[in-house]
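Heads up: the structure comes next, in structure tokens.
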Amino acid sequence: MSNTPQHATTYSGDIIGGVPVITHLNLDDLESGRIYRFMFQGSNMNIGQHWYVPIMVAKGSQPGKRLLLNTGIHGDELNGSRVIQQLFATLDATQLSGSIIGIIQAAPNSLFHISRTWYSSTDSGEFSNMNGIFPGDKNGNSAQIHAYLLWNHLWQNNCDYAIDLHSQSTDTEYPLFVFADYRVAAIKTMAELIPADQIKNDEGEKGTVETTFVEHGIPAITIEIGAARSYQSKYINRTLEGIKNILNHLQIWNCQQGRTAASYGSFIGNQMYSVKAITGGYAEVKVSLGDDVIQNQEIALQRNAFGDVIHTYLAPMSGKVLSLGTGATREAGGLLVRILY
Ligand SMILES: [Zn+2]
């Protein structure tokens with residue numbers, strides 16, 4: 001837990017759609033046994049108006065651990081929003097020990113244009129991947145300032161554990177998949193409470209939400225929920241099942257234990273390899289998510305505009321299909337098949 005003195009919960013005085021706007025959150029200031037909705041004031045735009053992040057907080061009647069659920073860092077990854085909405089619809093704060101925070105649209109700018117990136121209008125416009133710039137920079141561009149505000153005014157001092165909900169990017173898909181840094185025992189435990197299809201033991205990447213939490217001593221995992229731009233109830237429901245297991249394990253909510261990685265039979269790998277297009281053209285992927293592939297098996301091909309096969313792709317190793325390119329066209333560097341092994 002952080003020793004940084006916490007700023008008090010601060011209301012700007014604005015109300016949006018009946019929901020109060022806050023510039024800082026401090027869970028200690030909130031009354032116990034209640035569920036709250038806030039609009040968190042993020043960075044502002046060239047037109048002088050702010051981006052607002054809708055958040056929900058369930059503050060339990062009893063003290064306990066604090067779990068942060070975040071989604072919407074990438075604006076085309078939407079399954080996570082339904083996970084948080086469904087969880088909060090079933091919560092009774094008087095039954096909780098500790099707190100749950102749900103951040104539904106962490107990067108509203110990116111959600112607005114259904115994109116992986118945040119658009120800043122400065123210098124003819126530039127795009128930032130929000131999941132690489134944490135803990136942000138208060139003197140940076142609007143994306144970096146927004147990351148700074150999320151980290152410092154909302155997240156860091158208000159949670160003991162964090163889960164960042166993503167999906168694969170537009171034109172690609174994952175099954176239900178977890179990134180987790182197994183060097184930290186508490187993280188391995190969290191990951192294996194999720195009945196995921198696949199789990200990767202992964203040391204993380206600097207600047208991501210997950211790794212920034214881990215670097216600050218807060219156990220965190222990333223859950224990749226299926227494909228972009230859609231709601232996939234089979235993955236949403238299974239994610240919720242896993243998050244309830246974690247809430248149960250952390251003794252925040254004494255709810256029914258669901259399936260785990262062990263009982264579901266999750267495939268756990270340490271390495272992954274992405275087979276990417278080496279040229280532009282029409283792509284045909286020959287495998288499905290979760291398939292077992294063997295080395296040198298044909299997994300994809302590409303055709304030119306006339307339908308001639310211009311390249312065939314073989315599996316460089318044996319493993320399990322973790323992700324697919326689903327778009328019919330692929331330019332060079334585009335993902336065809338990712339293998340976990
Ligand atoms: Zn993402």
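A straight Cα-to-Cα reach below 15 Å connects Lys286 with the aspartates and glutamates Glu173, Glu298, residues fewer than 8 places away in its own chain not being considered.
The range 102-187 has equivalent-ellipsoid semi-axes of 24, 19, 11 Å, by the square roots of 5 times the alpha carbon gyration tensor eigenvalues, sorted largest first.
Packing around the peptides 158-170, 266-278, taken as the average count of other Cβ atoms within 10 Å per residue, puts them in this order, highest first: 158-170, 266-278.
Per-atom-type breakdown for the range 126-168 gives carbon and sulfur 42% of the accessible area (1.4 Å probe, protein chains only).
Restriction of the trypsin sites (Lys or Arg not before Pro) in the range 65-174 to DSSP coil positions whose beta-carbon has at most 14 other beta-carbons within 10 angstrom yields Lys138. The stretch between Asp137 and Gln271 holds 45.0 nm of extra length on full extension. This uses 0.36 nm per residue minus the Cα-Cα distance.
Against the empirical 2.2 N^0.38 Å (N residues), the chain has a Cα radius of gyration ratio of 1.03.
Annotation: the antiparallel percentage among DSSP beta bridges lying fully within the range 200-341 is about 95. About its Cα centre, the chain has a charge dipole of approximately 520 debye under the convention of +1 per Lys or Arg Cβ and -1 per Asp or Glu Cβ, with nothing else charged.
For the range 10-268, relative contact order (Cα pairs under 8 Å, six or more residues apart, normalised by length) works out to 19 percent.
Backbone geometry of the range 327-332 corresponds, through the Karplus equation with coefficients 6.51, -1.76 and 1.60 at θ = phi - 60°, to 3J(HN,Hα) couplings of x, 6, 10, 9, 8, 4 Hz, x marking Gly and Pro. Listed values for the range 30-47 are Karplus-derived 3J(HN,Hα) couplings in whole Hz (6.51 cos²θ - 1.76 cosθ + 1.60, θ = phi - 60°), namely 8, 5, 6, x, 9, 10, 10, 10, 9, 10, 8, 7, x, 5, 10, 9, 4, 8, and x replaces Gly and Pro. List residues of the range 69-95, by number, whose backbone nitrogen lies under 14 Å from a label position 7 Å along Cα→C-beta of Phe127. Backbone N within reach: 74-77.
Rounded to the nearest whole Hz, the Karplus-based 3J(HN,Hα) values (6.51 cos²θ - 1.76 cosθ + 1.60, θ = phi - 60°) of the range 252-265 follow the sequence 7, 9, 7, 10, 5, 6, x, 5, 10, 4, 5, 6, 7, x, with x at glycine and proline.
The antiparallel fraction among DSSP beta bridges confined to the chain stands at about 65%. The distance linking the range 308-341 with the range 72-86 is 26 Å (Cα centroid to Cα centroid, whole angstrom).
Judged by the mean number of other Cβ atoms found within 10 Å, the most tightly packed of the peptides 318-324, 179-185 leads the ranking 318-324, 179-185.
With contributions of -39500 (n - 2.57) from each DSSP H run of at least four residues, the per-residue ellipticity at 222 nm computed over the chain stands at -5000 deg cm²/dmol. Using a cut-off of 28 Å between Cα atoms, the listed pairs Lys59/Lys206; Lys188/Lys244; Lys65/Lys320; Lys59/Lys188; Lys59/Lys200 include Lys59/Lys206; Lys65/Lys320; Lys59/Lys200 as exceeding that distance.
Under the criterion of Cα pairs below 8 Å and six or more residues apart, the relative contact order for the range 1-146 equals 20 percent. Divided by 2.2 N^0.38 Å, where N counts the residues, the Cα radius of gyration of the range 54-198 comes to 1.11. Label-to-label distance, Arg34 versus His113, with points set 7 angstrom from Cα along the beta-carbon direction: 3.9 nm. Full extension of the chain between Glu298 and Ser318 gives 6.0 nm of extra length, using 0.36 nm per residue less the Cα-Cα distance. Rolling a 1.4 Å probe over the protein heavy atoms gives the range 10-268 an accessible area of 39 Å² per residue. Volume per residue for the range 271-340 equals 67 cubic angstrom (convex hull of Cα atoms).
Near Ile310, the amide H atoms lying under 5 Å from its own belong to Gln302, Arg303, Asn304; only residues 5 or more places off or on other chains count, and H is placed 1.01 Å from N. One decimal place: the segment Ser230-Ser61 gains 57.3 nm when fully extended, by the rule 0.36 nm per residue minus the C-alpha distance.
What is the sum of charges, Lys and Arg at +1 and Asp and Glu at -1, for the other residues whose Cβ falls under 11 Å from the Cβ of Gly242? Neighbourhood net charge equals +1. For the pair the range 237-305 and the range 173-199, the centres of their Cα atoms are 11 angstrom apart.
The values are calculated or read from the model by the stated rules, or taken from the named source; none is laboratory data. The structure displayed is predicted, hence computed values, not measured ones. Every residue, glycine among them, receives a Cβ derived from its backbone with ideal geometry; neighbour counts consider all protein chains shown. For accessibility, only protein heavy atoms count, side chains too; no ligands or nucleic acids. Shrake-Rupley method; radii C 1.70, N 1.55, O 1.52, S 1.80 Å.
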